[in-house]
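A quick write-up on the structure given underneath.
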Amino acid sequence: MSLAAKSNEIRMALTGNESVAYAMKQINPDVVAAYPITPQTEIVQIFSSYVADGDVDTVFERVESEHSAMSAVVGAAAAGARSMTATSANGLALMWEVVYIAASNRLPIVMPVVNRALSGPINIHCDHSDTMGARDSGWIQLYSENAQEAYDNTLQAVRIAEHPDVELPVMVCQDGFIISHALDNLYTLDDAAVQAFVGQNNPRYSLLDVDHPTTFGPLDLQDWYFEHKRQQAEGMKNALDVIPEIAKEYEGISGRDYGFFEEYRTDDAEAVMMVLGSTAGTAKDVVDAMRSEGKRVGLVKLRVFRPLPVAHLVRALRGKPALAIMDRAESFAASGGPLYKEIRSALYDCEQAPMVSNYIYGLGGRDIRPEDLRQVFEDNLRAAAAGHIEKPVTYLGVRE
Amino acid sequence: MNDKLKAYFRTDHLPHIWCPGCGNGIVTAAIVRAIDDLGWSKDDTVFVSGIGCSSRAPGYLDFNTLHTTHGRALVFATGVKVARPDLNVIVITGDGDASAIGGNHLIHAARRNIDITTICFNNNIYGMTGGQYSPLSPTDSFASTAPYGNADRTFDLCRLVEAAGASYVARGTTYHVTPLTNMIRRGLEKKGFSFVEAMTACPVYFGRRNKLPTGVDLLNWQRDNAVPVSRAAKMEPEELAGKIVIGTFLDVEMPEYTETYERLLKEHAADRSGE
């Protein structure tokens, strides 16, 4: 991602939450429904001020739970409204039933998720257990490294979700507190540029299109349920074509290019690390430090986890000797974290597949330090030299 | 804190997280005094809480405690009570926890008349998340999500619980500590579902936005606006606008859920043995 500012861009100092609330203001959605939960609360709280001040035309519903928030935006989206909500952790968990319904009804809802550890024990700090749990719910998932990416991803998410070949909801993920509450310098677009980019929502079907009556979510048994699921899978597959198209168009107005993932100094790397979210910033510093010592290490920061860009990942990772997958979530499968499983499986058929190891780290907001990441690189450089991995799954930074 | 009360607290978890001027400590102490009055054993008493400022209270109490999910404390508590009807089960909840996300569970716990005492710390706001308005934020009051005043109507939780079928319903305030303690004690003694709404001060997130910026302001507000239920009965609705009606609204004897359940089991066991 380059930081070359375009003439319609404005430099601002915003936290991750503020940047997403600001993006929502510029999107000016028709309906927002939400319920407070740390660390997301600020997004909709700030947005409610935009509503109160008349800065947006949004109908803002303060509902009595997250289950109701997701239900309200499903109803609004089915009626043809551009609809958004935001949540974290247990709020997402409480939405669960309706999260699936949103995707199954092919409703292009955009939901910023501020990643936080799921209870229990109760913990308000960052990990990815919340959105990783929703990985099979049929939502597109975009992960952000910082407030800039949270802002940019939110704007792009609207277009991805509403694309006629996709018609699926999108979660825009940012790390709780680490991004959501930290002040960052970022470029924002002017309102007119955002409005021109997001355009009008033109849903193929809507409840308010009274000349073409439709039904959403009816009983769908052995006769057609499977076909509808198959179409849903196709929408997710189509997103693999749509996401780069939207990114290209966004680059045209912002100067910032977004791929499925970012490759950072991976060209001749012997040990590559893959991360989601804010840890990428720390990891880049470690890569730079180790590169200056002549160590061949690099980073892949995955932005798009759903759909998983398998072919692109294979092309990028083929021939790398060692790959360390960093999971900020435990899947309790007794065999490694969710990202590890998916990436390792993606590489199974590829020739010259790297040796893949897994590090589960940072659960419940446990700090990940540069020296921890350096250790991961050192382990993997050693594995690359030796030709085998000693330990497939490691818990990093925990007392055992 | 005096030594007698200290014995009921996990003093190694103190100081608590509540803000200066918060009334939650007063309510928590009232609960402990009521338990002390009754001479209940800590080992036979279970506290269950949900999510929010009030729900942190059991963390400081040296009893059997279960800190659960937002709005669901009553359901977890129902599980505890049906499994072990011999235990004293107390739910600590807040206005957002009990009346919004968990409103359905409140209605059904009252309907069953299960022997659980629920203390609702009503600070009129979602304090833990930074002051968004709750279903018990007064209409026209200010909140972080209502910068020009709250358009929603509030509701009377005591009347709701009474209508749903509870055995004991009362409302007190942190200004009127002794009556509050007595209400809680009566609620604990009551066989059946008991509900005590305790008006508590949130100066940081409710008071500051509503011209009551300190804990003292909010205590004085409680003092100046509380109307005993007997006097309220003689007042017109317009006169009661903005007032807090305090006192006991309901205190009746009705069949309790776990006892009814136990009796059914015994009757049917007798049926089967007679066959």
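Criterion applied to A:V194, A:V172, A:V114 was being in a helix (DSSP H, G or I), modelled with pLDDT of 95 or more and either open to solvent by less than 10 Å² (accessible area, probe 1.4 Å) or of a type in the set (S, T, Y) (or both), and the one residue passing it is A:V194. Residue check: B:Q132 meets all listed conditions (1) open to solvent by 20 Å² or more (accessible area, probe 1.4 Å); (2) without any contact (Cβ under 8 Å) to a residue 40 or more places away in the chain but one, namely (1).
Among the strands (runs of 3 or more DSSP E) confined to region A:284-388, there are none with at least 3 residues that are at pLDDT below 95 and in the same structural domain as A:E145 (by TED's automatic domain parsing). Scanning region B:123-168 for residues that are touching a Gly at 6+ places or on another chain (Cβ under 7 Å) and either within 10 Å of chain A (Cβ to nearest Cβ) or not in a loop (DSSP other than H, G, I, E, B) (or both) gives B:Y126, B:M128, B:S134, B:A143, B:S144, B:Y168. Can you tell me which residue is nearest to the other protein chains (Cβ to nearest Cβ) among those in region B:101-122 that are over 30 Å from A:A21 (Cα atoms) and assigned to a loop (DSSP other than H, G, I, E, B)? That would be B:I114.
Yes or no: region A:232-251 includes at least one residue that is more than 19 Å from the chain's Cα centre (by Cα), surrounded by fewer than 22 Cβ atoms within 10 Å (Cβ to Cβ) and not in a helix (DSSP H, G or I). Checking region A:232-251: not a single residue is more than 19 Å from the chain's Cα centre (by Cα), surrounded by fewer than 22 Cβ atoms within 10 Å (Cβ to Cβ) and not in a helix (DSSP H, G or I). Does region B:36-45 contain at least one residue that is open to solvent by 10 Å² or more (accessible area, probe 1.4 Å), among the small types (G, A, S) and over 19 Å from B:Y257 (Cα atoms)? Within region B:36-45, one or more residues are open to solvent by 10 Å² or more (accessible area, probe 1.4 Å), among the small types (G, A, S) and over 19 Å from B:Y257 (Cα atoms). Only one entry in A:G120, A:G138, A:G75 is modelled with pLDDT under 95 and of a type outside the set (V, I, T), namely A:G120. Mind checking whether some residue in region A:297-306 is touching a residue at least 40 places away in the same chain (Cβ under 8 Å) and farther than 27 Å from A:R369 by Cβ? So far as region A:297-306 goes, yes, one or more of its residues are touching a residue at least 40 places away in the same chain (Cβ under 8 Å) and farther than 27 Å from A:R369 by Cβ.
Residue-wise test of (1) of a type in the set (F, W, Y); (2) farther than 28 Å from A:A93 by Cβ.
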site: A:P169; (1), (2): no, no
site: A:Q174; (1), (2): no, no
site: A:I179; (1), (2): no, no
site: A:S206; (1), (2): no, yes
site: A:D211; (1), (2): no, yes
site: A:W224; (1), (2): yes, yes
site: A:E227; (1), (2): no, yes
site: A:Q231; (1), (2): no, no
site: A:M236; (1), (2): no, no
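Here B:D156 meets each of (1) under 14 Å from B:C120 (Cβ atoms); (2) surrounded by fewer than 17 Cβ atoms within 10 Å (Cβ to Cβ); (3) in contact with a Phe, Trp or Tyr (Cβ under 7 Å, 6 or more places away or on another chain) with one exception, condition (3). Taking (1) open to solvent by 10 Å² or more (accessible area, probe 1.4 Å); (2) touching a Lys or Arg at 6+ places or on another chain (Cβ under 9 Å); (3) within 14 Å of chain B (Cβ to nearest Cβ) in turn, A:P121 satisfies each apart from (2). A single entry from A:V297, A:V275, A:V314, A:V310 fulfils the requirement of being more than 24 Å from A:L186 (Cβ to Cβ) and open to solvent by less than 10 Å² (accessible area, probe 1.4 Å): A:V297.
Going residue by residue through region A:14-37, is there one that turns out to be of a type in the set (D, E) and within 10 Å of another protein chain (Cβ to nearest Cβ)? No, the conditions are met nowhere in region A:14-37. Checking each residue in region A:82-106 for being within 14 Å of chain B (Cβ to nearest Cβ) and more than 18 Å from A:T58 (Cβ to Cβ) picks out A:S88, A:A89, A:N90, A:G91, A:L92, A:A93, A:L94, A:M95, A:W96. No other residue among B:A98, B:A201 is more than 14 Å from chain A (Cβ to nearest Cβ), touching a helix residue (DSSP H, G or I) at 6+ places or on another chain (Cβ under 6 Å), open to solvent by less than 10 Å² (accessible area, probe 1.4 Å) and closer than 27 Å to A:G91 by Cα apart from B:A201. Condition test on A:V166, is it open to solvent by less than 10 Å² (accessible area, probe 1.4 Å), out of contact with any Phe, Trp or Tyr (no Cβ under 8 Å at 6 or more places or on another chain) and not in a strand (DSSP E or B)? Taking the combined requirement at face value, the residue satisfies it. For B:G79, the conditions (1) in a loop (DSSP other than H, G, I, E, B); (2) more than 14 Å from every other protein chain (Cβ to nearest Cβ); (3) surrounded by fewer than 19 Cβ atoms within 10 Å (Cβ to Cβ) all hold with the exception of (1).
The values are calculated or read from the model by the stated rules, or taken from the named source; none is laboratory data. As the structure is a computational prediction, the values presented were derived from the model and not from experiment. Glycine also receives a Cβ, built like all others from the backbone with ideal geometry; neighbour counts cover every protein chain displayed. We work out accessible area using only protein heavy atoms, side chains counted, and drop any ligands, DNA or RNA first. Shrake-Rupley method; radii C 1.70, N 1.55, O 1.52, S 1.80 Å.
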